[in-house]
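These notes are about the structure you will find just below.
The values are calculated or read from the model by the stated rules, or taken from the named source; none is laboratory data. Model, not experiment: these values are computed from the prediction. Cβ placement follows ideal geometry from the backbone for every residue including glycine, while neighbour counts extend to all protein chains displayed.
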Amino acid sequence: MTLADARACRILVADDEAPARARLRDLLDDCRAELPLVIVDEARNGREVLEIVAREKVDVVLLDIRMPQMDGMETARHLAAMERPPGIVFTTAFDAYAIKAFEVNAIDYLLKPIRAARLLAALRKASAAAPSREALAAAATQPRRHLSVHERGRIHLVPVAGILYLRAEQKYVTVRTLDREHLVEESLTRLEEEFGEAFLRVHRNCLVARAAIEGFERTDHEGEAGWAVIVRGTGERLAVSRRQQHIVREFR
């Protein structure tokens, strides 16, 4: 690698349509005279983006909003959780809601058909700073389908549909699936706001997936009667706080 290559902006192009990726390659070629750059790779969906970023140094991701398997917004939220996240510039044919949300939260985007001058400006801006997790969460139009767990420098995706419960423990949240436990550095309150339709708060420190509730049973702890939720498939019993005991009646 030459010194010039080392200083070049390393770009990942992500779009599910081959013509769109080819158009971006041509535009990037037009920008080379004013901004040294290298096209690291191309991705057709969000999963491929995460795989590439895990193995390659990437400075900026040109990220299509609408992609199969995992859309651009969810992909960006997983990237933003990295220790050193790449800069992100969204690309879109037209999505009025997304554009309004991006503008409100100072997230950069390119409206197709993209012009070289606008692309150049976006690359320079994105190289300086990545959008925050908070800004991306505020701009999101729907809940994520995965939580991202960072282990040994890699991003491990945990499908939300397979999560049994989420339990806050100090600065982390334990994510329990049938197979194992994971730790994520997210707020339980924020997770409840995002996934409230699928999860039920049973305690100030615990959300249980509605689909994972097998039933409830009475408990007696030091002479004080209460309830516990039975977690399907595990036999685990999780305490229901006195404030949340109304949910037992709702499920009966």
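In the list LEU164, LEU119, LEU191, which residue meets the criterion of being at pLDDT 95 or above, assigned by TED's automatic domain parsing to the domain that holds GLU83, buried (at least 18 other Cβ atoms within 10 Å of the Cβ) and of a type in the set (A, V, I, L, M)?
LEU119
Any residue that is without any contact (Cβ under 8 Å) to a residue 60 or more places away in the chain, closer than 21 Å to ARG21 by Cα and assigned to a strand (DSSP E or B) - is there at least one of those in the stretch 145-158?
Looking for residues that are without any contact (Cβ under 8 Å) to a residue 60 or more places away in the chain, closer than 21 Å to ARG21 by Cα and assigned to a strand (DSSP E or B), one finds none in the stretch 145-158, hence no.
Can you name the number of the only condition in (1) without any contact (Cβ under 8 Å) to a residue 24 or more places away in the chain; (2) over 24 Å from ALA140 (Cβ atoms) that PRO36 fails?
The number of the failed condition is (1).
Tell me, please, whether a residue that is farther than 22 Å from GLU151 by Cβ, touching a Cys at 6+ places or on another chain (Cβ under 7 Å) and β-branched (Val, Ile, Thr) can be found in the stretch 81-97.
no
Could you list, in sequence order, the residues of the stretch 93-111 that are within 26 Å of ILE52 (Cα to Cα), surrounded by 13 or more Cβ atoms within 10 Å (Cβ to Cβ) and modelled with pLDDT under 90?
Once the filter is applied, which keeps residues that are within 26 Å of ILE52 (Cα to Cα), surrounded by 13 or more Cβ atoms within 10 Å (Cβ to Cβ) and modelled with pLDDT under 90, the stretch 93-111 yields only ALA98.
Looking at the stretch 194-209, which of its residues are under 16 Å from GLN170 (Cβ atoms) and assigned to a strand (DSSP E or B)?
HIS203, CYS206
Tell me whether the stretch 77-84 contains one or more residues that are closer than 14 Å to ARG154 by Cα, among the acidic types (Asp, Glu) and outside any helix (DSSP H, G or I).
yes
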